[in-house]
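One structure below.
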Amino acid sequence: MIAHATSKYKVVENLSDIPVIGGFIVAIFSALPGLFLVLYSELISPISDETFSIIAPSLFATWCYILEKLEIKLFIIFIPAWIFWIGLALLKAFGIDF
């Protein structure tokens, strides 16, 4: 399982429990602000790749933290999603590519 969710909302948990597809849906939902960042970069003001690779994970972490405050907890590889994305942002900020 790549990702799963726990929530006080049964719809979110039921969506997360769908075999194979549910994990991918949760993972994509955790990175949803990236879609808006890409649209902004393409349509309004271009963002360089270096800047994007630092801003995107930070934005994802903020999004997942807000969801956690709304009692929707997303987990990626058994780690809370907001911690996963902060770790990824820090790795990118220090120039560690994978």
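Numerical summary
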{"quantity": "The listed residue being open to solvent by 100 Å² or more (accessible area, probe 1.4 Å) and either in contact with an Asp or Glu (Cβ under 6 Å, 6 or more places away or on another chain) or outside any strand (DSSP E or B) (or both), out of Pro19, Pro57", "calculated": "Pro19"}
{"quantity": "Criterion: out of contact with any strand residue (DSSP E or B) (no Cβ under 9 Å at 6 or more places or on another chain), crowded, with 17+ Cβ neighbours inside 10 Å, modelled with pLDDT under 90 and part of a helix (DSSP H, G or I) - qualifying residue of Leu88, Leu39, Leu67, Leu35", "calculated": "Leu88"}
{"quantity": "Long-range neighbours under 6 Å by Cβ, at least six apart or interchain, first residue within 17 Å of Lys8 (Cβ to Cβ) within segment 58-75, second among the charged types (D, E, K, R)", "calculated": "Glu71/Lys8"}
{"quantity": "Flag if Phe29 is touching a helix residue (DSSP H, G or I) at 6+ places or on another chain (Cβ under 9 Å), under 15 Å from Val12 (Cβ atoms) and either open to solvent by 50 Å² or more (accessible area, probe 1.4 Å) or assigned to a strand (DSSP E or B) (or both)", "calculated": "yes"}
{"quantity": "Selection within segment 1-16 - surrounded by 12 or more Cβ atoms within 10 Å (Cβ to Cβ), closer than 11 Å to Lys73 by Cα, more than 11 Å from the chain's Cα centre (by Cα) and in contact (Cβ under 8 Å) with a residue 24 or more places away in the chain", "calculated": "His4, Ala5, Thr6, Ser7, Tyr9, Val12"}
{"quantity": "Residue in segment 64-76 that is of a type outside the set (A, V, I, L, M) and within 15 Å of Ile2 (Cα to Cα) present", "calculated": "yes"}
{"quantity": "Selection within segment 70-85 - open to solvent by 70 Å² or more (accessible area, probe 1.4 Å) and outside any strand (DSSP E or B)", "calculated": "Leu70, Glu71, Ile77, Phe78, Ile83"}
{"quantity": "Criterion: of a type in the set (Val, Ile, Thr) and surrounded by 14 or more Cβ atoms within 10 Å (Cβ to Cβ) - qualifying residue of Thr51, Thr62", "calculated": "Thr62"}
{"quantity": "Search result, residues across segment 42-54 that are assigned to a helix (DSSP H, G or I) and either at pLDDT 85 or above or not aromatic (Phe, Trp, Tyr) (or both)", "calculated": "Glu42, Leu43, Asp49, Glu50, Thr51, Ser53, Ile54"}
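The values are calculated or read from the model by the stated rules, or taken from the named source; none is laboratory data. Only a predicted model underlies this, so the values are computations on that prediction, with no experimental measurement involved. Note: ideal-geometry Cβ built from the backbone for every residue, glycine included; neighbour counts use all protein chains shown. Just the protein is used for accessible areas: all its heavy atoms, side chains included, with ligands, DNA and RNA removed. Shrake-Rupley method; radii C 1.70, N 1.55, O 1.52, S 1.80 Å.
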